[in-house]
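Shown next, in structure tokens, is the structure this report addresses.
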Amino acid sequence: MVIRRLVGRWQGVVLSLIGLVATIWLGLTGQLALYIHPRYFVFTVIMAVIAGVLALAAFALVPGASDAPEGGHTRAHEHDGDAPDGDDAQRSRWGWLRPAGSVLTIIAAVAALLILPPSTLTTATVAQRDLNGSASALTLKTPALPGKGDYSSFTVRDWASLLRSGAGQDFFADKTATVTGFISADTTDPNLFFVTRFVVTCCAVDAQPIGVPVYHPGWQNEFKTDSWVTVTSSFHANPNPASREAIVLMPDSIKPTTQPAQPYVY
């Protein structure tokens with residue numbers, strides 16, 4: 001009974017503190033960017049600290065189960081010396097399940113939030129959302145064309161925006177792109193994959209996948225989906241006229257790379 005009271009009183013506070021500690025830790029280590037836009041870092045960390053103080057204050061002020069009214073003790077003592085009936089015996093026999101479940105919940109929260117490393121969104125999320133299908137992800141930040149023709153600073157988002165704009169082959173004829181992202185397969189053309197990134201507006205929940213098409217027959221034998229690569233290539237007309245991607249990169253080589261510290265695009 002004592003253990004049940006302690007677990008019942010502490011569970012909510014412990015779970016709240018685990019979440020708050022995880023949020024502050026992610027903010028201090030720079031990994032909060034895997035979940036929210038950097039513009040919200042300071043606000044989120046400050047609110048987490050305030051929430052932690054309020055959670056501890058609430059725990060200190062809310063009475064515990066041991067502070068029950070006198071009437072509760074009176075009813076409990078009315079049956080002292082009586083043998084427990086069937087319902088009481090059954091509740092006593094299975095009473096450990098609730099505190100055990102609470103402890104397992106806390107352990108799971110610790111493992112998920114504090115032990116397991118944070119992970120980025122993958123092709124599993126791309127499959128659930130339309131690649132290059134979000135107009136806002138591609139057009140809210142249309143790249144400014146450089147006056148001297150230096151496109152070295154262009155990102156996956158910049159090139160994907162230009163491709164979506166409907167610019168023809170003549171526009172891309174003399175341009176070379178260097179893009180880094182993870183591989184996601186094209187669902188209609190086995191010779192095609194996308195160098196993919198996620199655009200985050202607010203948090204990972206609203207992340208939209210964007211990508212630049214790469215024509216590379218047999219890529220499945222060299223790379224796995226979700227692996228990160230850097231592709232440098234000029235643009236060409238897609239050899240597959242049936243593909244929905246009319247203009248593609250056709251690289252001579254593709255360099256494997258590691259996931260950057262900032263995997264998302266803002």
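Nothing in this text is a laboratory measurement; each read-out follows from the coordinates by a stated rule. Model, not experiment: these values are computed from the prediction. Note that we place each Cβ from the backbone using ideal geometry, even for glycine, and neighbour counts take in every protein chain shown.
For this structure, a couple of remarks:
- Gained length - residue 250 relative to residue 178, 0.36 nm times residue gap less alpha-carbon distance: 24.7 nm
- Gain on full stretching of the segment that runs from residue 18 to residue 124 - 0.36 nm per residue minus C-alpha separation: 35.4 nm
- Cut-off 14 Å between beta-carbons: net charge of the residues surrounding residue 127, Lys and Arg +1, Asp and Glu -1: -2
- Amide H contacts of residue 189 (H built 1.01 Å from N, under 5 Å, at least 5 apart or other chain): none
- Note on residue 31 and residue 151: with the Förster distance fixed at 41 Å, the Cβ-Cβ geometry gives a FRET efficiency of about 0.85.
- Over all other residues within a Cβ to Cβ distance under 14 Å of residue 217, the charged ones net out to -4, with Lys and Arg as +1 and Asp and Glu as -1.
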